[in-house]
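**Q** Okay, here's the structure, questions in a sec.
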Amino acid sequence: MHTAVLFDLDGTLIDTEPRSREAWARLFRSHDVPHDDAVLRAFAGRPAKEAVAEHLALFPGHTVEELCAEAMAYTALPDMPAVAPVAGAKELLIALRRQGVALGVVTSGPRGYAEGELAAMGALPFLDVLVTADDVTRGKPDPEGYLAACSALRTAPGRTVVFEDAPAGILAAKRAGAFCVGLTTTQSAGDLAAADLILADLVDVPWPITTERVPDRAISTA
């Protein structure tokens, strides 16, 4: 029986992917650096500094820190896509809390950002642990964050369900030994094939979740 649930943040609890993707696109455009949708998708679910570092050679004269700060500044502009909770997110948190399930968030974002977004959606009071990019030395797809959260909750990864929307996060969860639910909020079902269960969002999530892989429940949004 699962006793703990861990959530990714962006794209899983809150729908920030349109805003994040546009911020990265503006960063590339402002420096006249060629990019395509595949490049932007690769930023999802990963620490920003690690993702930017892979493209640093295309931004001569700039540091990773400068580029990340520039992209973050774009997210605050008034013409950026709006941010809202993923469908069913708040309701699921309430339902799981009522059942005594330990809850946490493991995100590739920095702590200040994560706390601000979680507070805005009213989710902070429901959480027992928050692991951010500031708390780990290796980001997703490394399992360090999920293992740290399980340790803080004093629960075994095998008794933990992780909700993720990106391939890197799913890989991190599986490497940690957790059961992983992939959400097609930002990626196609095919991109999330490594998950144990694939759902469209957090509405009507079955609980308890079976420990068996159920590919017939996969929902394609391709």
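The values are calculated or read from the model by the stated rules, or taken from the named source; none is laboratory data. A quick note: this is a predicted structure, and the numbers were derived from the prediction, not measured. All Cβ positions, even for glycine, are placed from backbone atoms using ideal geometry, and neighbour counts span all protein chains on display. Only protein heavy atoms, including side chains, enter the accessible area calculation; ligands, DNA and RNA are left aside. Shrake-Rupley method; radii C 1.70, N 1.55, O 1.52, S 1.80 Å.
**Q** If you go through the stretch 57-85, how many residues are touching a helix residue (DSSP H, G or I) at 6+ places or on another chain (Cβ under 9 Å), in contact (Cβ under 8 Å) with a residue 12 or more places away in the chain and of a type in the set (A, V, I, L, M)?
**A** Counting residues in the stretch 57-85 that are touching a helix residue (DSSP H, G or I) at 6+ places or on another chain (Cβ under 9 Å), in contact (Cβ under 8 Å) with a residue 12 or more places away in the chain and of a type in the set (A, V, I, L, M) gives 8.
**Q** Give me the pairs, please: first residue somewhere in the stretch 97-112 and over 16 Å from GLU144 (Cβ atoms), second residue anywhere and in a loop (DSSP other than H, G, I, E, B) and open to solvent by 20 Å² or more (accessible area, probe 1.4 Å), beta-carbon distance under 7 Å, and either six or more positions apart or on two chains.
**A** Here the result reads VAL101/THR3; ALA102/THR3; ALA102/ASP128; ALA102/THR155; LEU103/LEU127; LEU103/ASP128, each pair linking the stretch 97-112 to a residue that is in a loop (DSSP other than H, G, I, E, B) and open to solvent by 20 Å² or more (accessible area, probe 1.4 Å).
**Q** Still on this structure, I have one more. Could you tell me whether ASP8 is in contact (Cβ under 8 Å) with a residue 40 or more places away in the chain, open to solvent by less than 50 Å² (accessible area, probe 1.4 Å), within 21 Å of GLY104 (Cβ to Cβ) and of a type outside the set (S, T, N, Q)?
**A** yes
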